[in-house]
Amino acid sequence: MTQKELIDILHVAERLKCSTRHCFTSSGRRESVAEHSWRIALMAMLLKNAFPEADMDRVIRMCLIHDLGEAFTGDIPTFEKTQADEQREDEMYNAWVQTLPEGIREDFTALLLEMNAMQTTEARIYKALDKMEAVLQHNESDISTWLPLEYDLQLTYGAENVAFSPYMQGLKDELNRQTREKIGENQ
């Protein structure tokens, strides 16, 4: 890959720094897509010993690229995102990926296919982390930023994605405990 090709990829990725998500940070500003992706990658790195059978470097790569399609579409909250939105995001991502240098193109394509198929341990870990990071961020944000539907959503969001792993189920249980505590403190 040439230096120009690298810079061109990074220009597209920079859009994720500017694309905000539905959730707020603990300081009261909207979270960027890039911040979300960074933190789930950090979570994957920290969980290496919890999943010794998994290729956590692959999981980290999934975490880093999973929302690159949002560089083209922006973030759509999960409770508003339709299958058509997901398809459009994947199509725009794939069109961009086809312009990437050989090697990078194949790696990004393979990762997206694996993530969408959800058949590997690595894909399941990435998806569970994606969901749990969103719950964690909501717990860290001021409850005044929550929509009414999020009080219940916080407790159910990602439950099906953690079912494959006792560790992930425990993480969800702890996040739910913290959610209930936050709600209780603010009633």
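Computed from the coordinates by the stated procedures, all read-outs in this text should not be read as laboratory data. Note that the structure is predicted; figures quoted are calculated from it, not measured. For neighbour counting, all protein chains shown are included, and Cβ atoms are generated from backbone atoms with ideal geometry for every residue, glycine included.
MET1: farther than 14 Å from ILE65 by Cβ and not in a loop (DSSP other than H, G, I, E, B), yes or no? No; evaluated as a whole, the condition is false for this residue.
Taking the stretch 22-45, which residues are under 21 Å from ARG61 (Cα atoms) and touching a residue at least 60 places away in the same chain (Cβ under 8 Å)? Hits for the stretch 22-45 are GLU31, HIS36, ARG39, ILE40, MET43, ALA44.
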